[in-house]
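The structure appears below as structure tokens.
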Amino acid sequence: MPVAIAIVGRPNVGKSTLFNRLVGRKLAIVDDRPGVTRDRREGDARLGNLRFTVIDTAGLEVADDASLLGRMRAQTEAAIASADLILFLIDARAGVTPADEHFAEVVRRSGVPVVLVANKAESRTGEAGAYEGYALGLGTPVSISAEHNEGMADLAEAIAEQV
Ligand code: GDP
Ligand code: MG
């Protein structure tokens, strides 16, 4: 069975953009509005020499209706539970937010190994934001740009160390 890797993080950090990058097609819906990825999506990912199953999640986000929120939360928790590794995304431009801290705690409690990823770090922007990521206690942040396809070799290396 291939290794399963779940992409987790608050809304709008670029989870679906990374998912699309890893599976090489526009399978996940990318949108500026939080909460657009309602449903769990799985795909066959390739990254350098690595092959794995990648799971895009809705994010543990705040929804307008309680049942939807519950459904999304349950999906993310199920994805975490079935994952061999979590890619925990933050937005390097925004730095660490209270929502990141909250979800980092959920991820930490799961006991599943984590690679901390600081996305939106193209052309070295967001170095300060990535640095803030150390405070989450999830290890050294790997800076990438999912949109601009930067940092993917570093990400592959960090994943290979964990799986
Ligand atoms: P999700 O809610 O975490 O799934 O985030 P999305 O993948 O839907 O992306 C949210 C927004 O961030 C979209 O406008 C993306 O185009 C943008 N985005 C994603 N990755 C990057 C990146 O590497 N750099 C920049 N500048 N924007 C990005
Ligand atoms: Mg999404």
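The values are calculated or read from the model by the stated rules, or taken from the named source; none is laboratory data. The shown structure was predicted, so the numbers you read here are calculated from the model rather than taken from an experiment. Because the Cβ atoms are built from the backbone with ideal geometry, glycine has one as well, and the counts that use them run over all protein chains shown.
Structure data summary
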read-out: Lone unmet requirement of (1) part of a helix (DSSP H, G or I); (2) surrounded by fewer than 21 Cβ atoms within 10 Å (Cβ to Cβ); (3) under 15 Å from the mean Cα position of the chain (by Cα) for residue 130; value: (2)
read-out: Qualifying residue in the stretch 18-26 (condition: at pLDDT below 70 and within 13 Å of ligand 1 (Cβ to nearest atom)); value: yes
read-out: Any pair with Cβ under 7 angstrom, 6 or more apart, that starts in the stretch 6-26 at a residue that is buried (at least 20 other Cβ atoms within 10 Å of the Cβ) and ends at one that is of a type in the set (Lys, Arg); value: 7/15; 9/15; 14/120; 19/41; 20/26
read-out: Given (1) surrounded by 16 or more Cβ atoms within 10 Å (Cβ to Cβ); (2) within 15 Å of the chain's Cα centre (by Cα); (3) more than 24 Å from residue 78 (Cα to Cα), number of the condition residue 147 does not satisfy; value: (1)
read-out: Qualifying residue in the stretch 136-151 (condition: assigned to a strand (DSSP E or B), out of contact with any strand residue (DSSP E or B) (no Cβ under 6 Å at 6 or more places or on another chain) and within 26 Å of residue 2 (Cα to Cα)); value: yes
read-out: Count - residues of the stretch 95-111 that are free of Cβ contacts under 8 Å to residues at least 60 places away in the same chain, part of a loop (DSSP other than H, G, I, E, B) and out of contact with any helix residue (DSSP H, G or I) (no Cβ under 6 Å at 6 or more places or on another chain); value: 1
read-out: Residues that are among the aliphatic types (A, V, I, L, M) and surrounded by 21 or more Cβ atoms within 10 Å (Cβ to Cβ), drawn from the stretch 81-111; value: 83, 86, 87, 89, 90, 92, 96, 104, 107
read-out: Of all residues making up the stretch 39-66, the number that are at pLDDT 65 or above and part of a helix (DSSP H, G or I); value: 0
read-out: Check on residue 122, out of contact with any strand residue (DSSP E or B) (no Cβ under 7 Å at 6 or more places or on another chain) and either aliphatic (A, V, I, L, M) or surrounded by fewer than 20 Cβ atoms within 10 Å (Cβ to Cβ) (or both); value: no
